[in-house]
1. Would you mention how many residues in region B:35-77 are touching a helix residue (DSSP H, G or I) at 6+ places or on another chain (Cβ under 8 Å), more than 14 Å from chain A (Cβ to nearest Cβ) and not in a helix (DSSP H, G or I)?
2. Identify, by number, the condition in (1) of a type outside the set (D, E, K, R); (2) part of a helix (DSSP H, G or I); (3) under 30 Å from residue A:180 (Cβ atoms) that residue A:233 doesn't meet.
3. Restricting region A:271-307 to residues that are assigned to a loop (DSSP other than H, G, I, E, B) and at pLDDT 95 or above, which is nearest to residue A:114 (Cα to Cα)?
4. Identify the residue in region A:286-301 that is surrounded by fewer than 24 Cβ atoms within 10 Å (Cβ to Cβ) and over 14 Å from residue A:330 (Cα atoms) and, among all such residues, is farthest from the other protein chains (Cβ to nearest Cβ).
5. Scan (1) within 14 Å of chain B (Cβ to nearest Cβ); (2) in a helix (DSSP H, G or I); (3) within 22 Å of the chain's Cα centre (by Cα) for the single condition residue A:153 breaks and write down its number.
6. When you go through A:172, A:163, A:183 one by one, which is the residue that is within 20 Å of the chain's Cα centre (by Cα) and either among the basic types (Lys, Arg) or on the phi > 0 side of the Ramachandran plot (or both)?
7. Considering region A:302-328 alone, what residues qualify as being among the acidic types (Asp, Glu) and crowded, with 24+ Cβ neighbours inside 10 Å?
Amino acid sequence: MVDSGDTAWVLASAALVMFMTPGLALFYGGLVRTKNVLGTIMQSFIALGVVSVLWVLVGYTLAFGPDRGGVIGGLTFWGLRGVAGAPSEVYATTVPHAAFSMYQLMFAIITPALITGAVAERMRFSGYVLFLGLWSLLVYAPLAHWVWGGGWLGDLGTLDFAGGTVVHINAGAAALAAILYLGPRRGFGREAFVPHNVPMVITGAAILWFGWFGFNAGSALGANGLAATAFTATHVATAAAILGWLIPETIRHGRPTTIGAATGAVAGLVAITPAAGFVEPWAAVLIGLVAGAVCFAAVDLKARLRYDDSLDVVGVHLVGGIVGALLTGVLASTAVNAFAGGIDQLGKQAVGVGVTLAFSFLATLLILKVVDVLVGVRVTEDEEITGLDLSQHAEVGYTFGERGGGVVAEEDATVDLTQAPAPSLAGKETR
Amino acid sequence: MKLVVAIIKPHKLDEVKEALRSVGVAGLTVTEAQGFGRQRGHTEVYRGAEYQVDFVPKVKVEVVADDDQVQGVVDAILKSARTGKIGDGKIFVVPVEQVHRIRTGEMGPDAI
């Protein structure tokens, strides 16, 4: 039966989680160079378009349709048929099925968008869009089914309150595959790749934090005590993770940085995601502190290993996700929920981590190979030097002052993107 | 006529402008500039990656003066732009062949 309080909270949470994807766009957008700001923002924003449409068609039913052998959902809900005002018989039985479906959609949108940070400033837009669609249906939907849709990982007893495995380890493992497949940016290790707008990074991180209350507390799927517990754990873990990052950063580099504070916060949000509905506040603080410090160490190590994980998706989402998943197995408390931490639970968590990592990594490599053959995954050298904004989208993020030129006459209006080098900033000649 | 080009510390711009006014300068051009001299740049840290930044922000002030005014202009800049610390900048004086005021078409010292 539909409960009005639960429905209100789940709908509000869906909107909060939706807002995380544009927040991520700003977070990533500020971290790249000026010439790639729009291309980077677009990789997140387009996920709202592509994944939403696919979700309606078959995404939802593959993830949450009636279970087929523990592996995938049946096609009962294709086109979201029958997903309406009455609750599902299986999931979130006090809210309309449509509310549950839309709430889950927002998770499906942000997960592939997270991957883009790892291969920032070098992915071809057409190849990315194809990758996005395939990955959403072939990696995200099955994994969501395994953990939440009545599949075999959930049956095994792996605890994942709000998506530590399905969202973060999944995105992080896919990021690792993408880094290895695409290779580093041109000039990596020689040129300075300096964030072009740090206030934008902080704004994005703040929006992510805000939206994450919907992500975690909303995962209680009701307006209840569990939601409040998850809300508390989410906030205090994030706060602790800022300190967990800044303390070792200050010791090692001499100053606490604002990007460090923002990144530490995101690491804390990632790590508390699987644990939010299972741990007490003190344990959440501990998870945050550990996640902040471990993710700082991972990002620092990456710099020495010379992998071009451009915006640290592996260092924050994969490493933070693993920290959270394993600590959930240790720190889960019956004072909060029905599960207690211990060796047995830790083992189940490790299986969840291992399976997610292996499946996502291999499937992502395969999809990238297919996309590469069909349309290409990487921009050309000229396009990369020009920047994604102009080469992929025919626009620039910031224009200052007069640039010469004017409106292009009708018969010349098509910009020829195949020509090299890409169209110059000076604008086309007018008639 | 001479063109006096001064590269100065940005925070000294107001003092330099007032000093030039007080010696009778009626107009000048200011450009934000960057470069390096003996003053060293700085290090920035982004997620543990340290970058050396060599170029230091400066302001370039350009003034055209008649020959008998040039020394006064240079002295005014020397005095007002100096902090005594490294990085105070440079002054270049170069000859100017022609000056035209666009609105009236006046030429030479009258156009300064």
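The values are calculated or read from the model by the stated rules, or taken from the named source; none is laboratory data. Being a predicted model, the structure only gives us computed values, none of them experimental. So basically every Cβ, Gly included, is an ideal-geometry build from the backbone, and we count neighbours across all protein chains shown.
1. The number of residues fulfilling the criteria is 7.
2. (3)
3. Across region A:271-307, the extreme among qualifying residues is A:273.
4. A:289
5. (1)
6. A:163
7. A:309, A:312
To keep it simple, each residue is scored yes or no on (1) in contact (Cβ under 8 Å) with a residue 40 or more places away in the chain; (2) assigned to a helix (DSSP H, G or I); (3) in contact with a helix residue (DSSP H, G or I) (Cβ under 9 Å, 6 or more places away or on another chain); (4) within 30 Å of residue A:196 (Cβ to Cβ).
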| position | (1), (2), (3), (4) |
| --- | --- |
| A:336 | yes, no, yes, no |
| A:339 | yes, no, yes, no |
| A:349 | yes, yes, yes, no |
| A:368 | yes, yes, yes, yes |
| A:396 | yes, no, yes, yes |
| A:399 | no, no, no, yes |
| A:403 | no, no, no, yes |
